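A short write-up of the structure that comes next.
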Amino acid sequence: MGAVFFREIRSLFRSIYAIVSITVFALASGIFFVLNNVRLGYPSIDSIIATLSLIAAVTIPVVACLSINLDRKKRNDEYLATLPLTRTQIVLGKFFAMTAFFAIPTAVVCLYPVILGFFGKVSYSYAYAAIFFLFVFELLLIALSMAFSAIFKKIWASLVVTYSVLTVSFLLGAFSIVFPEPLRTVVRFVSPLRRFDTVVYGKLDIPTLVFYALFAALLLAICIRYSSPKNSGVKTRFKLSLSCAVLSVIVLGLSVAVAFLPASLRWIDITPNKLYKTDSNTKQLLTGLDEEINVYLVDADGSEEKLVGFIERYCDRSSHIKFEKVDTSKDTEFRDKYGFAENANLSFCIVVESERRHTVIGAEELFVWYNANYADLGYMSAAQLQNYVSSLGNMLQQYSAYYSQMSNSDKEQFSSYMAMYESLYYYSARYLNAETELNEAIEYVTSDVIPALYFADGHGEKNSYANPLDITKLSEMPKDAGMLIINTPDSDYSEEQIDMLLRYMEDGGRILVFADANNASMPNLARLLASVGLSLDATPLGDSVKAVVNTSSDVFAGLATNETLKLDMIAPTEVKTEAAAGYEYTSLFTYDVEEQVEKEGENGESVTETKVVTKNIGLRASKGKTPVLTLVSGSGTFNLKAADLGEDEEAIKNYSVSVTCLGAMVSSMNRSFEPSVESSTPKQYDTTELLAVTETSATVVGTLVIALIPMVLLGAGLLNLYTRKKRGNRTV
């Protein structure tokens, strides 16, 4: 085999077709490298790997198809048959010779990551894994070309068939979306164009490598059997065809078997930041999972394959998790089953379900945004980032109107805001947060207790809401009671019931009390309020007062505007505080009243002055940052119904403000589900760290890879041809 190898290598270096072929390979790859990586500053060559596979598919068959046919035409095959070599040794010698020959332009491609490394951060493992994938595909191309050369006696026939097969396979991959499932999966599996997508997504696809390797071995076996000059009889060819068919079935069977392995075994994570890797907390959570979970990825359209790959690998880490993709255009019952609106956009949302309950992860929750220039902002949701950008944009638009009148310090501030706007808008990077979201969802659907919001009942409370809790029938609060709303009871609670509520607060429970003047005369309810240092005055401040909403508090911060937000409160009373140990207080609603104050004048006489005094109408008592009890008077304000408002625009507006404030208070007090698994650090999803390539550097690199290297290959080949021809003339 060694003799055939060296003979074939020498013949390749003497062939003008072979020399031009590797020169074109190097030239074309250099052009795409400069355009896609150097000029754009893109740090990874994964974007051109699929293009390089097309270049290889064009250049390799020209040389490989000539191998056996030229030997047959010159009758060298008959000469080789007389040597003490088997057909296997002859074919493998030719195969390895062409592999070594086309390793030359592949070696040129191996220089590209090194070149990029001079201009910034490059993941060499990612780059060379992609190149290895390309090299295995080149082996398949060589084997395919040799097989058709052995089957078809004419050079033109083998070339036509080879290029036809490659063209069809590439086109099938390009238009695979038009095929129905499962035919689409099969087409994508056999198409080289689609198989290189996995490399772009940072996955070294094991089934593809196995498929390429086994298929190359099958093609070489076909080449070995058909290349013998003795294999010309009908009976012999029938036996060859039968044996090749059996080998084909075996190869396809093994390839399909590998394709059905779990995602954790099907491909290797070659992303620079190990995007598909889960941390130890996740592994511990999934290892301890002992009940069946269904994870549905809804309406995934193929635009976020890295996200899909992460979810697949995540789910494969536990045998108790079943992963399924759902297309709601075909599964029409899915929306109704989980309560989705008919026109809701469910693209890439995830439904996590157990026998107990289910939860939905929105597509926008799977990603967060981060800007290294403004790290103090932390990881931002898409909505938060948009809010920052919009606020800065509006501010800059207002400032720009009088820029010429600004002082130097104001102009510096304007430039600072402009720089922040441009950085947040253009350079904020997207990070994958799916691991944390999936962990929390699985904990939620498998937890024994989920905090619930209850409305106290049994004492004539105004309760028109769902989930009432009859306090009179309880000796202890339910374990799932995350928050209790007491809404203006008609009668006082018993001492035992107040003791129960005090124990509930000590255990982390939270209470929101709406009250009116009548509740001030209830001693047991007063004891509950006094436990956190609050009390309720018995005298209303008025039938209706225009209270100020404290938008500077964390409770109503989301309602802040340039104007003071006010709310008409129905017969509120003052909420007083006598500081209790360990409690802090947040004012929610206030009302300014004028009081007559007597004081001693300059001559000792009594003087009456009018003084504005701010009265609290709502207060929240907290321990540290944890809210414990909120007391709001004027409860009638929050018990109005929209149907009773009529067409009074002012009343409708006030009602809208009251509903918004109510939602904010409940949201700030409610004890939601808190997962025990520590949040995972989001991982950068998109490549944003571009290389710093100057125009001069780009010109130098372009000259090297487009002009110098291809010219060296071509010149060396032509020099070898000229030297051999000159030596031949001297011999004659």
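The values are calculated or read from the model by the stated rules, or taken from the named source; none is laboratory data. The shown structure was predicted, so the numbers you read here are calculated from the model rather than taken from an experiment. All Cβ positions, even for glycine, are placed from backbone atoms using ideal geometry, and neighbour counts span all protein chains on display. Note: areas computed on protein heavy atoms with side chains; ligands, DNA, RNA excluded. Shrake-Rupley method; radii C 1.70, N 1.55, O 1.52, S 1.80 Å.
Run the helix sum for the chain: -39,500 (n - 2.57) per DSSP H stretch of 4+ residues, divided by residue count, reported at 222 nm to the nearest 500 deg cm²/dmol.
Mean residue ellipticity at 222 nm (helix-derived): -16000 deg cm²/dmol.
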Please give the helix 382-400 orientation as an angle from the longest Cα principal axis of the chain, in degrees from 0 to 90, rounded to the nearest 10. 80 degrees
Once a ≥ b ≥ c are taken as the square roots of the eigenvalues of the Cα gyration tensor of the stretch 273-390, is the result rounded (a/c under 1.5), prolate (a/b larger than b/c) or oblate (a/b not larger than b/c)? oblate
Which ³J(HN,Hα) values, rounded to whole Hz and listed in residue order, are derived for the stretch 402-419 from phi using the Karplus coefficients 6.51, -1.76 and 1.60 in 6.51 cos²θ - 1.76 cosθ + 1.60 with θ = phi - 60°, glycine and proline given as x? 10, 4, 5, 9, 6, 6, 4, 5, 5, 5, 5, 5, 4, 5, 5, 5, 5, 5
Under the classification rounded if a/c is under 1.5, otherwise prolate if a/b is larger than b/c and oblate if not, where does the stretch 332-443 fall, given a ≥ b ≥ c as square roots of the Cα gyration tensor eigenvalues? prolate
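Return one whole number: the accessible area per residue of the chain in Å², for a 1.4 Å probe. Walk me through the numbers on the way to the answer.
On the way: 37040 Å² over 732 residues.
Accessible area per residue, the chain: 51 Å².
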Through the Karplus equation 6.51 cos²θ - 1.76 cosθ + 1.60, θ set to phi - 60°, convert the phi angles of the stretch 660-665 into ³J(HN,Hα) values in whole Hz; use x for Gly and Pro. 5, 5, 4, x, 5, 5
For 692-700, 123-131, 149-157, ranked highest to lowest by mean beta-carbon neighbours within 10 Å, the order is 123-131, 149-157, 692-700
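Could you sort the peptides 301-309, 333-341 by per-residue average Cβ neighbour count (10 Å cutoff), highest mean leading?
Working: 301-309: 15.3, 333-341: 12.7.
Descending mean neighbour count gives 301-309, 333-341.
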With 27 Å as the limit, write out which pairs from Lys337/Lys479; Lys576/Lys625; Lys283/Lys330; Lys576/Lys653 have Cα-Cα distances beyond it, or answer none. Lys337/Lys479; Lys283/Lys330; Lys576/Lys653
List the aspartates and glutamates whose alpha-carbon lies under 12 Å from that of Lys546, not counting same-chain residues fewer than 8 positions away? Asp568, Asp592
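Does the stretch 594-666 come out rounded, prolate or oblate by the C-alpha gyration tensor, with a ≥ b ≥ c the root eigenvalues, rounded set by a/c under 1.5 and, if not, prolate when a/b is larger than b/c and oblate if not?
Details: a/c = 4.64, a/b = 1.72, b/c = 2.69.
Because a/c hits 1.5 or more and a/b fails to exceed b/c, the stretch 594-666 counts as oblate.
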Counting only residues 5 or more apart in sequence or on a different chain, those whose built amide H sits under 5 Å from that of Ala452 are Ala481, Gly482, Met483
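Percent relative contact order of the chain, based on C-alpha pairs within less than 8 angstrom and at least six residues apart? List each step's numbers first, then the result.
Details: 1108 pairs, mean separation 95.1, N = 732.
Reported relative contact order: 13 percent.
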Tell me, how many Å apart are the Cα centres for the stretch 374-422 and for the stretch 439-505? 46 Å
May I ask you to evaluate 6.51 cos²θ - 1.76 cosθ + 1.60, the Karplus curve with θ = phi - 60°, for each residue of the stretch 548-559 and list the ³J(HN,Hα) values in order in whole Hz, giving x for glycine and proline? 9, 7, 7, 6, 7, 7, 5, 5, 10, 4, x, 9
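Show me the ranking of peptides 387-394, 560-567, 643-650 by mean Cβ neighbours inside 10 Å, starting with the highest.
Details: 387-394: 14.0, 560-567: 11.4, 643-650: 9.0.
Ranked by mean Cβ neighbours within 10 Å, highest first: 387-394, 560-567, 643-650.
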Just add up the charged neighbours of Gln384: K/R +1, D/E -1, any other residue whose Cβ is under 14 Å from the Cβ of Gln384. -2
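Expressed as a whole percent, how much of the Cα-Cα distance distribution for the stretch 499-609 exceeds 25 Å?
On the way: 2455 of 6105 pairs.
Here the long-distance tail beyond 25 Å is 40 percent of all Cα pairs in the stretch 499-609.
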